[in-house]
Amino acid sequence: MVQSRLRKEFLKMMKHFNNKINHFSFLIVLFTQNPFFGYMISLNFVKKMKLSNIIVFLTLVLLSSCGRDPKKPGRIFIPDMAYSPGYETYAESPIPTPEGHLMSARLPVQGTIPRGAIPDDEKIKTNQAYLMSYLAKNYFTHKEEKWEEEYAKAAAMLQNPLEPTKENIARGKELYTIHCQVCHGEKGEGNGQIVVLPDGSDGPYTAVPPAYSKRLPEIKDGNMFYSISYGKGMMGGYGFALNVTERWQLILYIKTLAGLNVSGQASNDLNKTNEPKKSM
C-alpha cells in the first residue's frame, strides 16, 4: 500500500518535471531554431544525467549568440563592447563643419605643422630655404583649379637648399632610375620603356613627356619641386615616396641631364656632403 502510494507520488512528480523540461525545450528550440538542441534536454536525457543537462543547457545559451550567416553577427549581449557610441575618424556626423562637410574629423587649422614633420636638425631649422621646403605644403591647397597659381607661387617661394655635391647627384641618379626613368628615359629625353617600346612603336603610356633639355631651362627649382611633390598632367605626385631631401637631390640630377649649370658644378668637390647651403 505504501509502495503503491510512493509510486503514484513519484510518477506525479516526474510528470510535473517533464512538463517543465518540455517547456524549457520549447524555448530553446524557438530561441535557436534548431530542434536538435531541444532534444538534448529532453526528459529521457535529464533522467540519466541531470548535471550534464545543466551544462548542456548553459552551453546552448552561449551557442545561441552565434549566427549561421558569417556576414551577420549573432545576438550581442553587450553591444557597447562592439559598437562604440563615439564617431569613427572618417564617419559622417550630423553636425556640419563651417564649410558644410559632414565628416566627424575636422581639417587642421591652416598652417598647422604635424609633430615630427620637420626633422629636429639645426642645419634644417636655421636654413630658410630648407625649412621652407617642409613648410611649403601649408601654402598649397592642391586643388586642380588653383594648380597654375600654386605652381607659380612655388617658383617664387622655393629654392634648392642642397649643394650639388657628387654624393647628392649620385643619390639623385639612384632615385631617378627607380622612379622616373620608366617614363622620362635614361637621359631624360621622354622615351622611357612605357612610352617607346624597343621596336620603336608607341608604348602603353600615351602622354609623352617633353625632353628635359627643352623643358627645364624654362622653369625654376620651385616648379620642379612642386611637380614632383604633387604631380603634373598625367604624372602623379611622388611626395609620399620621396622625402624633402630626396626630392632636391633628384632635381639636382635631372638638371644635369638637361645640361644645366648646377651652381658652378660643385659636384666635382669630393670633400663636400649633402649638407644644405648656408643661409645668408
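Under the condition of being of a type in the set (Phe, Trp, Tyr) and in a loop (DSSP other than H, G, I, E, B), which residue from region 77-132 is farthest from the chain's Cα centre (by Cα)? Outline the logic, then answer.
Of all residues in region 77-132, those of a type in the set (Phe, Trp, Tyr) come to 77, 83, 87, 90, 130.
Adding the requirement that they be in a loop (DSSP other than H, G, I, E, B) leaves 77, 83, 87, 90.
Working: Phe77: 33, Tyr83: 23, Tyr87: 19, Tyr90: 12 Å.
So, considering only residues that are of a type in the set (Phe, Trp, Tyr) and in a loop (DSSP other than H, G, I, E, B), the one farthest from the chain's Cα centre (by Cα) is Phe77.
Please indicate, with yes or no, whether at least one residue in region 176-183 is touching an Asp or Glu at 6+ places or on another chain (Cβ under 9 Å), farther than 21 Å from Gln128 by Cα and either among the β-branched types (Val, Ile, Thr) or assigned to a loop (DSSP other than H, G, I, E, B) (or both).
Among the residues of region 176-183, at least one is touching an Asp or Glu at 6+ places or on another chain (Cβ under 9 Å), farther than 21 Å from Gln128 by Cα and either among the β-branched types (Val, Ile, Thr) or assigned to a loop (DSSP other than H, G, I, E, B) (or both), which makes the answer yes.
Just checking, which of Pro119, Pro161 is touching a Pro at 6+ places or on another chain (Cβ under 8 Å) and over 30 Å from Pro94 (Cα atoms)?
Working: Pro119 fails: touching a Pro at 6+ places or on another chain (Cβ under 8 Å).
The match here is Pro161.
What's the total number of residues in region 197-222 that are crowded, with 19+ Cβ neighbours inside 10 Å, part of a helix (DSSP H, G or I) and of a type outside the set (Gly, Ala, Ser)?
Total satisfying the criteria: 3.
Can Thr141 be described as among the hydroxyl-bearing types (Ser, Thr, Tyr), surrounded by fewer than 19 Cβ atoms within 10 Å (Cβ to Cβ), closer than 20 Å to Pro209 by Cα and out of contact with any Pro (no Cβ under 8 Å at 6 or more places or on another chain)?
no
If Ile194 satisfies every condition in (1) in a loop (DSSP other than H, G, I, E, B); (2) without any contact (Cβ under 8 Å) to a residue 12 or more places away in the chain; (3) of a type in the set (Val, Ile, Thr) but one, which is the exception?
(2)
When Tyr238 is evaluated against the numbered criteria (1) in contact with a strand residue (DSSP E or B) (Cβ under 9 Å, 6 or more places away or on another chain); (2) free of Cβ contacts under 8 Å to residues at least 24 places away in the same chain, which criterion, by number, is the only one it fails?
Checking Tyr238 against (1) in contact with a strand residue (DSSP E or B) (Cβ under 9 Å, 6 or more places away or on another chain); (2) free of Cβ contacts under 8 Å to residues at least 24 places away in the same chain, the one that fails is (2).
Can you give me the number of residues within region 235-263 that are on the phi > 0 side of the Ramachandran plot and at pLDDT 95 or above?
Counting residues in region 235-263 that are on the phi > 0 side of the Ramachandran plot and at pLDDT 95 or above gives 0.
Go through region 230-255 and report how many residues are polar (S, T, N, Q), more than 18 Å from the chain's Cα centre (by Cα) and outside any helix (DSSP H, G or I). Give the steps one after another, and end with the answer.
So in region 230-255, the residues polar (S, T, N, Q) come out as 243, 245, 249.
From what is left, the residues that are more than 18 Å from the chain's Cα centre (by Cα) are 245, 249.
The next check asks that each one be outside any helix (DSSP H, G or I); those that pass are none.
Number of matching residues: 0.
Could you say which residue among Ala117, Ala105, Ala136 is surrounded by 13 or more Cβ atoms within 10 Å (Cβ to Cβ) and under 14 Å from Val244 (Cα atoms)?
Only one candidate qualifies: Ala136.
The values are calculated or read from the model by the stated rules, or taken from the named source; none is laboratory data. From a predicted model like this one, the values you see are computed outputs, not experimental measurements. Ideal geometry is used to build each Cβ from the backbone, glycine not excepted, and the neighbour counts take in all protein chains shown.
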